[in-house]
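Report on one structure; see the data block that follows.
The values are calculated or read from the model by the stated rules, or taken from the named source; none is laboratory data. Since this is a predicted model, take the numbers as computed values, not measurements. Here the Cβ positions follow ideal geometry from the backbone for every residue, glycine too, while neighbour counts run over all protein chains shown.
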Amino acid sequence: MLEELSLHILDIGMNSLAAGAKNLEVIVIENSVRDWLIIRIRDDGRGMDEKTLGQVLNQNATTKRNRKKPIGLGLALLRQTSEMCGGTFHVHSTPGRGTSVTASMRLSHIDRPPLGDLNSTIIALCANPDVGVQLHYRTNDETFHFSSKEGKPYESRRTQEAQGKGATSGCAA
Ligand SMILES: Nc1ncnc2c1ncn2[C@@H]1O[C@H](COP(=O)(O)OP(=O)(O)O)[C@@H](O)[C@H]1O
Ligand SMILES: [Mg+2]
């Protein structure tokens, strides 16, 4: 298990960049009322066919050739973390169109790693200016949105339920 969920997000996002994605979307939803945390990473990269997808999910396979052993760990580790923390793990992929990885877990689960440094993860994923990176981060009452193409720091906006209730907060990339 990785120590921070943002390190899982970095690994899964790097897979997207390696797959030639031009657009990468990271969605993080934390809901303490329903007690879940959902992470979704979506890309428009080259995708995987069913056979490859089955291999990478079941046998910790990799298509990266510069390895001594053909073992991939990014997807397998996130799957393990999700399932250990009372959640589920799904990958949908269409060759030539893209991939979507969704991991859920119980927010309050004692083994759930902290989110960690999501800012640094997003900054690292933005290294290639040709790739549009978006972050949607949502808690019970706040939503943050960042888009590398808009060239702005995080935008913060309260969700409708929270409007008029509390303070506005934000984080700078
Ligand atoms: N977003 C993606 N698009 C296309 N192929 C992917 C994607 N994510 C993973 N893969 C494929 O699954 C393999 C396993 O990924 P992963 O478990 O992260 O291990 P690793 O990155 O170490 O190879 C990759 O080598 C790649 O072939
Ligand atoms: Mg990987």
Check your understanding: For the stretch 90-123, which residues satisfy the criterion of being closer than 21 Å to residue 37 by Cβ, hydrophobic (A, V, I, L, M, F, W, C) and in contact (Cβ under 8 Å) with a residue 24 or more places away in the chain?
Key -> 91, 101, 103, 105, 107, 115, 118, 122
Check your understanding: Among the residues of the stretch 1-45, how many are among the hydroxyl-bearing types (Ser, Thr, Tyr) and closer than 20 Å to residue 77 by Cα?
Key -> 2
Exercise for review: Within the stretch 8-59, track down each residue that is within 16 Å of the chain's Cα centre (by Cα), under 18 Å from residue 83 (Cβ atoms) and within 12 Å of ligand 2 (Cβ to nearest atom).
Suggested key: 8, 9, 11, 12, 41
Study note, to complete from the structure: The one condition residue 170 fails out of (1) touching a Leu at 6+ places or on another chain (Cβ under 8 Å); (2) away from ligand 2 (no atom under 16 Å from the Cβ); (3) at pLDDT below 95; (4) not in a strand (DSSP E or B) is (1)
Revision key, fill the gap. Of the conditions (1) within 30 Å of residue 51 (Cα to Cα); (2) at pLDDT 95 or above, the single one that residue 108 does not satisfy is (1)
Point to revise | All positions within the stretch 16-39 that are charged (D, E, K, R) and within 18 Å of residue 115 (Cβ to Cβ) | key: 25, 30, 34, 35
Check your understanding: Is there any pair with a first residue in the stretch 5-16 that is under 16 Å from residue 38 (Cβ atoms) and a second that is outside any helix (DSSP H, G or I) and acidic (Asp, Glu) whose Cβ atoms are under 7 Å apart and which are 6 or more apart or on different chains, and what are they?
Key -> 6/117
Review point. Which of the residues spanning the stretch 10-52 are surrounded by fewer than 19 Cβ atoms within 10 Å (Cβ to Cβ) and within 8 Å of ligand 1 (Cβ to nearest atom)?
Key: 11, 14, 18, 19, 46, 52
Practice item. Specify the residue that is farthest from residue 100 (Cα to Cα); the eligible residues are those in the stretch 53-71 that are modelled with pLDDT of 70 or more and surrounded by 12 or more Cβ atoms within 10 Å (Cβ to Cβ). Key: 55
